[in-house]
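As structure tokens, the structure follows; a few thoughts come after it.
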Amino acid sequence: MIGVFNAKAAAFNSALKENDIDTVCDIGAEMLRIVLDECAKPNVTTSLKEIYHKQGMAVISHLARLAKRPSIALRSEGGNADGEGNDPYYVTKQWFSDEVPKLNFSDIIGVQEVKDAFMVDVVAPLRPEFRAIYKKFRGDQMGSQILLFGPPGTGKTHIVKCLAGALNCKIAVVQTSEVLASVVGIAEKNIRDVFKQAAELDRCIIFFDEIDSICSDRDSADSRNTKSILTTLLTCMDGFMKTTKDGQLRIIVAATNLPWKLDSALKRGGRFETQIYVPLPDEKARRKFIEHGLAKLPHDEDVSVEWLADELKGYSGADIKAVIKQIANCPLRREIRNILNKTIARPLGEKISKADCCNVIKNYINPINHEMLLRFEAYDRGISYEELLKLLSDKK
């Protein structure tokens, strides 16, 4: 149905440009009916529902303006310096945050190799004692373009925010769901806007989260609606890193859980040539996550950090936090039931038990499985998943 909606949207835009008010109203009504019908379906995804809602509100807004000012020609509302006209689906967004994140590398748990890579590739070039060395080897390109890849929940977004805080940079966290639109051309305008706003800043980081959603391999079926978006992004990236004065810093970071789906042009030299794997937390990092989670929670003596760290091997940092939260809910519910049953309003001393932990871990669905980790290992080695399976089979 999204294809039908796109066709309606294109006809709607065409009618606007032609000042055909009757057609605008007819097609607008049809589009709103599609929005209502599609959003009412039980299996519609949240991201698609957001797109329908955004475009539906744009149609309503434009029809409302027509109702208030029927005598004013539609094309009188259009026109700008870029010659793109006034698009009812396009709303200029401020992509960069007003404040620099109050974070630094000490706020990142584990992933020491990732922090080291950022220190050498991004932070060190800005320090006076290293600047001459980097200038000799990098010239005037003091920024970096980095691709972070790894399992979901490993803290890729948090790492980039910590980088922004450490470098005192404003950051634009670009969620692909905010870039994508059902109307052809709007996503490309969003991409250009991000880079236009970045060009006005001396120090900035552009972060594209889940970049595989807009930059999948152009030969794959997934890219049929995103090829022009990829082309726009590649064009904007070329030359962006070049700085013109001391102190300037421009960094582009992208994150993906599916690096093998990205178009090869995105990973060639001069673009995301620096790729950093963000792995699952090791035992030391898992202990820190658990220590932070259990620090203020009452728990039995046999619920130890060491034991939980072993039980939660193979979990991401985000999933460890989610498990701890669910475990904490167990004694919380018991305490509330006790108060309700005994009609008293005082704490009854419930604590997290080992049984609580075991029950939650048993029923928690860990999205990260063995096959996923093998795929990341294969990508990190630069071989196919099938080749890795053969290598592992030959070793047995």
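The values are calculated or read from the model by the stated rules, or taken from the named source; none is laboratory data. Because the structure is a prediction, the values reported are computed rather than measured. As a convention, Cβ positions derive from the backbone with ideal geometry for all residues, glycine included, and neighbour counts pool all protein chains shown. Calculation scope for accessible area: heavy atoms of the full protein, side chains included, ligands and nucleic acids excluded. Shrake-Rupley method; radii C 1.70, N 1.55, O 1.52, S 1.80 Å.
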All but one of (1) within 29 Å of N257 (Cα to Cα); (2) buried (at least 17 other Cβ atoms within 10 Å of the Cβ) hold for L373; which doesn't?
-> (2)
So H158 clears everything in (1) of a type outside the set (S, T, N, Q); (2) modelled with pLDDT of 80 or more; (3) part of a loop (DSSP other than H, G, I, E, B) except one condition, right? Which one?
-> (3)
Residue under evaluation I339, criteria (1) β-branched (V, I, T); (2) touching a Lys or Arg at 6+ places or on another chain (Cβ under 7 Å); (3) free of Cβ contacts under 8 Å to residues at least 24 places away in the same chain; (4) more than 29 Å from D116 (Cα to Cα), criterion not met = (2)
Of the residues D310, D302, which is farther than 30 Å from K261 by Cβ, modelled with pLDDT of 90 or more, open to solvent by 70 Å² or more (accessible area, probe 1.4 Å) and outside any helix (DSSP H, G or I)?
-> D302
State all residues of segment 348-370 that are part of a loop (DSSP other than H, G, I, E, B), crowded, with 17+ Cβ neighbours inside 10 Å and more than 31 Å from the chain's Cα centre (by Cα); if no residue qualifies, say none.
-> E350, S353
When segment 258-286 is checked residue by residue, the ones that are open to solvent by 80 Å² or more (accessible area, probe 1.4 Å), farther than 22 Å from M119 by Cα and in contact with a helix residue (DSSP H, G or I) (Cβ under 8 Å, 6 or more places away or on another chain) are W260, K261, E283
Just checking, how many residues over segment 131-151 are under 20 Å from F105 (Cα atoms) and at pLDDT 80 or above?
-> 6
Tabulated pairs, segment 207-222, first open to solvent by less than 30 Å² (accessible area, probe 1.4 Å) and at pLDDT below 85, second assigned to a helix (DSSP H, G or I) and charged (D, E, K, R), C-beta under 9 angstrom, 6+ apart or interchain = C215/K261; S216/D222; S216/K261
Working carefully through the options L280, L258, L266, find the one that is touching a residue at least 24 places away in the same chain (Cβ under 8 Å) and closer than 17 Å to A322 by Cβ.
-> L280
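Residues are listed down the side, and each one gets a yes or a no for (1) crowded, with 18+ Cβ neighbours inside 10 Å; (2) out of contact with any Pro (no Cβ under 9 Å at 6 or more places or on another chain); (3) of a type in the set (D, E):
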{"site": "A10", "(1), (2), (3)": "no, yes, no"}
{"site": "L16", "(1), (2), (3)": "yes, no, no"}
{"site": "D26", "(1), (2), (3)": "no, yes, yes"}
{"site": "A29", "(1), (2), (3)": "no, yes, no"}
{"site": "V35", "(1), (2), (3)": "yes, yes, no"}
{"site": "E38", "(1), (2), (3)": "yes, yes, yes"}
{"site": "M57", "(1), (2), (3)": "no, yes, no"}
{"site": "I60", "(1), (2), (3)": "no, yes, no"}
All but one of (1) farther than 21 Å from I206 by Cβ; (2) touching a helix residue (DSSP H, G or I) at 6+ places or on another chain (Cβ under 9 Å); (3) open to solvent by 50 Å² or more (accessible area, probe 1.4 Å) hold for G110; which doesn't?
-> (3)
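Residue-wise test of (1) closer than 22 Å to G317 by Cβ; (2) open to solvent by less than 10 Å² (accessible area, probe 1.4 Å); (3) assigned to a helix (DSSP H, G or I).
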| position | (1), (2), (3) |
| --- | --- |
| V100 | no, no, no |
| S106 | yes, no, yes |
| K115 | yes, no, yes |
| V120 | no, no, yes |
| A132 | no, no, yes |
| I146 | yes, yes, no |
What number of residues within segment 12-50 satisfy the criterion of being out of contact with any helix residue (DSSP H, G or I) (no Cβ under 7 Å at 6 or more places or on another chain), farther than 25 Å from E178 by Cβ and of a type in the set (D, E)?
-> 4
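Would you confirm whether or not segment 122-137 contains a residue that is within 18 Å of A255 (Cβ to Cβ) and touching a residue at least 60 places away in the same chain (Cβ under 8 Å)?
Checked against the condition, which is being within 18 Å of A255 (Cβ to Cβ) and touching a residue at least 60 places away in the same chain (Cβ under 8 Å), segment 122-137 yields at least one hit.
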Residue check for C330: touching a residue at least 40 places away in the same chain (Cβ under 8 Å), within 35 Å of the chain's Cα centre (by Cα), outside any loop (DSSP other than H, G, I, E, B) and more than 26 Å from Q275 (Cα to Cα) | no
Being surrounded by fewer than 23 Cβ atoms within 10 Å (Cβ to Cβ), over 22 Å from L258 (Cα atoms) and under 18 Å from the mean Cα position of the chain (by Cα) is the filter here, so list the residues in segment 166-187 that pass it.
-> K170
